[in-house]
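Below you'll find the structure, written out as structure tokens, and then a few comments.
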Amino acid sequence: GFACGLGVVAALWLTPGNGAAGTSGAKAAAAAKAFLASLPAQLRKETQYPLDSDERHDWHFVPRSRNGASLLNLDDAQAELLGPLLATALSPEGLLMARGVIKHENLLREVETARGIDASRRDPGLYYATVFGTPSASAPWAWRFEGHHLSISVTQVPGHPPAMGPVFVGANPATVPSGPQAGFRLLAPEEDLARALVAMLPDTRRRTALIRDTAFADIVTGNDREVKLDAEGLAAAEMSAREQQALRELIGLYAARFVGESGRDILMRMDKAGFGHVRFAWAGGTEAGQPHYYRVHGPTLLIEYDNTQNGANHIHTVYRDLQRDFGGDLLRAHYRKQ
């Protein structure tokens, strides 16, 4: 299965990304329909769920058994049909990042095998696509692409950009320790931009931003269906113009993973709710190599990041849309209107 998974991963990205701004719901629906139509009847049945199914909220970023069509189940032609669907939600940078996470499973397999650990669960074929509802440009539906260290939930509501969230991305090892890719860092800017921000804060403001001396062991919200977390840390309203710019750049990095129209919508809603209300919080050491955690939390969004496991060489990041996770307000408004 391992080698087969590799072939499929390669096939999955042969399709050039068409994730430019203005991607319509029709394009996503057509891509999902083509993918579902390519599957044999039994696999299609295992891949498609009702939109209101509990399965839709059962997301996770750990290695475990999952429902849907795994890359191992797909031949190259079927896997290629997933490319255009992913490109309706992810920007070219986001697609590269997702591919990087999948390829990282090979590195992790080598690292763990060298340590005498059974690493058979580390397989780039164990990523699954699931569709919820009937893909359509005129009615809501959703889809998810998920495996170890990657979970992308997308809800399509007619007349709106793809609603992104929850979106989880992880990297283990965060810095590749040895071999041909030694020194490669999959989520380098996510760490470096936040560290630069905490470093530029003067003592008084840094004390407000630092919410704990020790980092949290993992992202605090885990795979919770809903975010229930008090906003802590330093508000953007209290920052200097330079610090605010650094915070915007960090948030922009996460928004840039998504197609232009979704990324712009995320930033527009953040500003509409008041950028001054967005808070930046840090926990743990501020020097490179020390276990650390940060959080960006505003009225419309939450970003969590931690790097504590495996000697602080194992990153988890999550983007949660407090208005539109799993469709949220968009779906409610659509059904009210109907």
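The values are calculated or read from the model by the stated rules, or taken from the named source; none is laboratory data. Predicted, not measured: the structure shown is a model, and the values here were computed from it. As a convention, Cβ positions derive from the backbone with ideal geometry for all residues, glycine included, and neighbour counts pool all protein chains shown. Only protein heavy atoms, including side chains, enter the accessible area calculation; ligands, DNA and RNA are left aside. Shrake-Rupley method; radii C 1.70, N 1.55, O 1.52, S 1.80 Å.
Taken together, the criteria place Pro158 among residues that are farther than 19 Å from Gln48 by Cα and either touching a residue at least 12 places away in the same chain (Cβ under 8 Å) or polar (S, T, N, Q) (or both). Looking across the stretch 261-289 at every residue that is outside any helix (DSSP H, G or I) and without any contact (Cβ under 8 Å) to a residue 40 or more places away in the chain, the one that is farthest from Arg195 (Cα to Cα) is identified as Gly274. Of the set (1) open to solvent by less than 40 Å² (accessible area, probe 1.4 Å); (2) more than 26 Å from Arg320 (Cα to Cα), all apply to Thr47 but (2).
Confirm whether Ala89 is farther than 22 Å from Met164 by Cβ and in contact (Cβ under 8 Å) with a residue 12 or more places away in the chain. The answer is no for Ala89. Before we move on, is Phe61 on the phi < 0 side of the Ramachandran plot, of a type in the set (A, V, I, L, M, F, W, C), crowded, with 22+ Cβ neighbours inside 10 Å and in a loop (DSSP other than H, G, I, E, B)? Considered against the rule, which asks whether it is on the phi < 0 side of the Ramachandran plot, of a type in the set (A, V, I, L, M, F, W, C), crowded, with 22+ Cβ neighbours inside 10 Å and in a loop (DSSP other than H, G, I, E, B), Phe61 comes out as yes. Considering every residue within the stretch 98-105, establish whether at least one is assigned to a helix (DSSP H, G or I), within 22 Å of Gly327 (Cα to Cα) and at pLDDT below 95. For the stretch 98-105, residues assigned to a helix (DSSP H, G or I), within 22 Å of Gly327 (Cα to Cα) and at pLDDT below 95: present.
Phe35 falls short on exactly one of the conditions (1) in a loop (DSSP other than H, G, I, E, B); (2) of a type in the set (Phe, Trp, Tyr); (3) modelled with pLDDT of 95 or more, and that condition is (1). For the stretch 228-252, filtering for residues that are open to solvent by less than 40 Å² (accessible area, probe 1.4 Å), touching a residue at least 24 places away in the same chain (Cβ under 8 Å) and in a helix (DSSP H, G or I) leaves 6.
Just one of the numbered conditions (1) within 21 Å of the chain's Cα centre (by Cα); (2) surrounded by fewer than 16 Cβ atoms within 10 Å (Cβ to Cβ) is not true of Gly159: (1). With respect to (1) buried (at least 18 other Cβ atoms within 10 Å of the Cβ); (2) assigned to a helix (DSSP H, G or I); (3) modelled with pLDDT under 95, the lone exception for Ala77 is condition (1).
Looking at the stretch 7-26, can you tell me whether even one residue there is modelled with pLDDT of 95 or more, out of contact with any strand residue (DSSP E or B) (no Cβ under 8 Å at 6 or more places or on another chain) and either open to solvent by 60 Å² or more (accessible area, probe 1.4 Å) or over 25 Å from Ala188 (Cβ atoms) (or both)? No, the stretch 7-26 has no match at all. Out of curiosity, is Ala215 hydrophobic (A, V, I, L, M, F, W, C), outside any helix (DSSP H, G or I) and open to solvent by less than 30 Å² (accessible area, probe 1.4 Å)? Answer is yes for this residue. One residue stands out in the stretch 287-296 among those that are modelled with pLDDT of 95 or more and out of contact with any Phe, Trp or Tyr (no Cβ under 8 Å at 6 or more places or on another chain): the one that is farthest from Ala215 (Cα to Cα), namely Gln290. For the stretch 299-327, the candidate set comprises residues that are open to solvent by less than 10 Å² (accessible area, probe 1.4 Å) and outside any strand (DSSP E or B); within that set, the residue that is farthest from Ile266 (Cα to Cα) is Gly327. Of all residues in the stretch 119-175, which are at positive phi and assigned to a loop (DSSP other than H, G, I, E, B)? Once the filter is applied, which keeps residues that are at positive phi and assigned to a loop (DSSP other than H, G, I, E, B), the stretch 119-175 yields Gly133, His149, Gly159. The conditions of being open to solvent by 50 Å² or more (accessible area, probe 1.4 Å), over 28 Å from His57 (Cβ atoms) and not hydroxyl-bearing (Ser, Thr, Tyr) are not met by Leu197.
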